[in-house]
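Input: a single structure, listed below in structure tokens.
The values are calculated or read from the model by the stated rules, or taken from the named source; none is laboratory data. Remember, it's a predicted structure, so these values are computed and weren't measured experimentally. Don't worry about glycine lacking a Cβ; one is built from the backbone with ideal geometry, like all the others, and counts go over all protein chains shown. Note: areas computed on protein heavy atoms with side chains; ligands, DNA, RNA excluded. Shrake-Rupley method; radii C 1.70, N 1.55, O 1.52, S 1.80 Å.
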Amino acid sequence: MAASPDYYEILGVARDADAKTIKRSFLRKARTLHPDVSKEPDAEARFKEVNEAYSVLSDERKRSNYDRYGTPDGPGGFGADYVDMSDIFGGGFGINDIFDSFFGGGGSAGGRAPRTRGRDMGITLRITLEEAASGCTKTVSYERLAPCDDCGGSGAAEHGKVVTCTRCQGTGRVVEVQRTIFGQMQSQTTCPACQGAGTVMDHPCETCGGQGRTPSREVVEVKIPAGVHAGQSLALGGKGEAGVRNDRAGDLVVTVDVQAHERFERQGDDLFCKVEVDALDAIVGRTLTLDGVIEGERVEVRVPANCAYGERVRVPGRGMPRTGSATRGSLIAVVQVNPPANLAEEDLELLRGLIRRRRAAAGVEPRDTAADATSSAAREKKRPHGRRRR
Ligand code: ZN
Ligand code: ZN
């Protein structure tokens, strides 16, 4: 991995700067460097650098990794309770989207209506099958535009009030005239001074520039109910992007993804698993005890006598819990029959005796039995050990 640049230098802060100082310095730099604002040729590259520096230094875990190891990823990936950011923004959401909305849509010309409500945000949360069975509470850390701490989301500095935008006269749109080889071209774009709202703060809050919201790292607890299915979503009201100047915030939509399990395969609320018995147990029947999907749970599986390979043994009430109900699906054990291991000569002799008796009772020549058994045993001896097992 390439060495990370000096993020402190990029943001112009001391190495022991607190979160608030880092955020202020970042916002100041970001506002002057944003490609829509700055005409400097290297503004875009520097804006990206500032973004990257802030995304590391504003995240406690990444910052401490960076301080200690020189890279935000640290020596061994992410902590257990956190979700990989690439998972969180699985829908393609990233810091650049935050800035697009922060600065009013990246300057894209055309008929976009002013948007002052916060957007919904989506994250994917991956849990184990055991966690899905028992229910769990997960800590999720993500970045969003949150109400500005310094102005309480109003966007106003002291004595500040909302006034009509002078740049667009309150229309939210401005007309740009460009000279091209075809002559003059006129186009309407969203007013860059008010981001289309038509109004601005006469004394805007210095921290948020009058928007009433700033990029912020949020930590929320998500309660996952027992029995949740992969693909189900939970909405955390108001935990998405904050609105402009205290307009309504979006929701955080958490979509659950359940990891594949090494023993259980889920079908609806039922859990399938394999159980192995040897051929003699399959003939006489046997009760097996296995670990269930709920921690500490032991499940008895009664393999019946004369059980065939692939037979299914259902244990009701030991599958996945059903959400919003006290009932559970079934555990379904699929029986695998193995050849009996370690059969001694006297065991074989007992079996031959049994077979002779059964054939005699059925009126079959006893000679055939002995010959079959001997040749089978002789073949067995010639084979190198271990070849019989598949
Ligand atoms: Zn305006
Ligand atoms: Zn503010």
Point to revise | Among the residues listed as Glu265, Glu311, Glu276, Glu300, the single one being at pLDDT 95 or above, under 19 Å from Glu131 (Cβ atoms) and either loosely packed, with under 14 Cβ neighbours inside 10 Å or of a type in the set (D, E, K, R) (or both) | key: Glu265
Study note, to complete from the structure: The residue that is farthest from Pro225 (Cα to Cα), considering only those in region 134-149 that are within 16 Å of ligand 2 (Cβ to nearest atom) and open to solvent by 30 Å² or more (accessible area, probe 1.4 Å), is Asp149
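Of Gly152, Gly118, which residue is under 19 Å from Arg248 (Cβ atoms), more than 16 Å from ligand 1 (Cβ to nearest atom), open to solvent by 40 Å² or more (accessible area, probe 1.4 Å) and under 41 Å from the mean Cα position of the chain (by Cα)?
Step by step, each of Gly152, Gly118 is checked, and only Gly152 is under 19 Å from Arg248 (Cβ atoms), more than 16 Å from ligand 1 (Cβ to nearest atom), open to solvent by 40 Å² or more (accessible area, probe 1.4 Å) and under 41 Å from the mean Cα position of the chain (by Cα).
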Exercise for review: Please go through region 32-74 and pick out each residue that is surrounded by fewer than 19 Cβ atoms within 10 Å (Cβ to Cβ) and touching a Gly at 6+ places or on another chain (Cβ under 6 Å).
Suggested key: Asp36
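Within region 162-173, can you find the residues that are open to solvent by 40 Å² or more (accessible area, probe 1.4 Å) and away from ligand 2 (no atom under 16 Å from the Cβ)? Quick ask: steps written out before the conclusion?
Going residue by residue through region 162-173, those that are open to solvent by 40 Å² or more (accessible area, probe 1.4 Å) are 162-164, 166-167, 169, 171, 173.
Listed by number, the residues that qualify are Val163, Thr164, Thr166, Arg167, Gln169, Thr171, Arg173.
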Practice item. Report the residue count in region 314-351 for those that are open to solvent by 60 Å² or more (accessible area, probe 1.4 Å) and either touching a Cys at 6+ places or on another chain (Cβ under 7 Å) or not β-branched (Val, Ile, Thr) (or both). Key: 12
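Okay, residues lined up against (1) outside any loop (DSSP other than H, G, I, E, B); (2) among the acidic types (Asp, Glu); (3) more than 16 Å from ligand 1 (Cβ to nearest atom); (4) outside the structural domain of Leu129 (by TED's automatic domain parsing):
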{"site": "Gln169", "(1), (2), (3), (4)": "no, no, no, yes"}
{"site": "Glu176", "(1), (2), (3), (4)": "yes, yes, no, yes"}
{"site": "Met185", "(1), (2), (3), (4)": "yes, no, yes, yes"}
{"site": "Ala197", "(1), (2), (3), (4)": "no, no, no, yes"}
{"site": "Cys208", "(1), (2), (3), (4)": "no, no, yes, no"}
{"site": "Gln211", "(1), (2), (3), (4)": "no, no, no, no"}
{"site": "Glu218", "(1), (2), (3), (4)": "yes, yes, yes, no"}
{"site": "Ala226", "(1), (2), (3), (4)": "no, no, yes, no"}
**Study point:** Number of the exception - Ala341 against (1) in contact (Cβ under 8 Å) with a residue 40 or more places away in the chain; (2) under 30 Å from Ile294 (Cβ atoms)
**Key:** (2)
Study note, to complete from the structure: Restricting region 174-198 to residues that are open to solvent by 40 Å² or more (accessible area, probe 1.4 Å) and in contact with a Gly (Cβ under 7 Å, 6 or more places away or on another chain), the one farthest from ligand 2 (Cβ to nearest atom) turns out to be Pro192
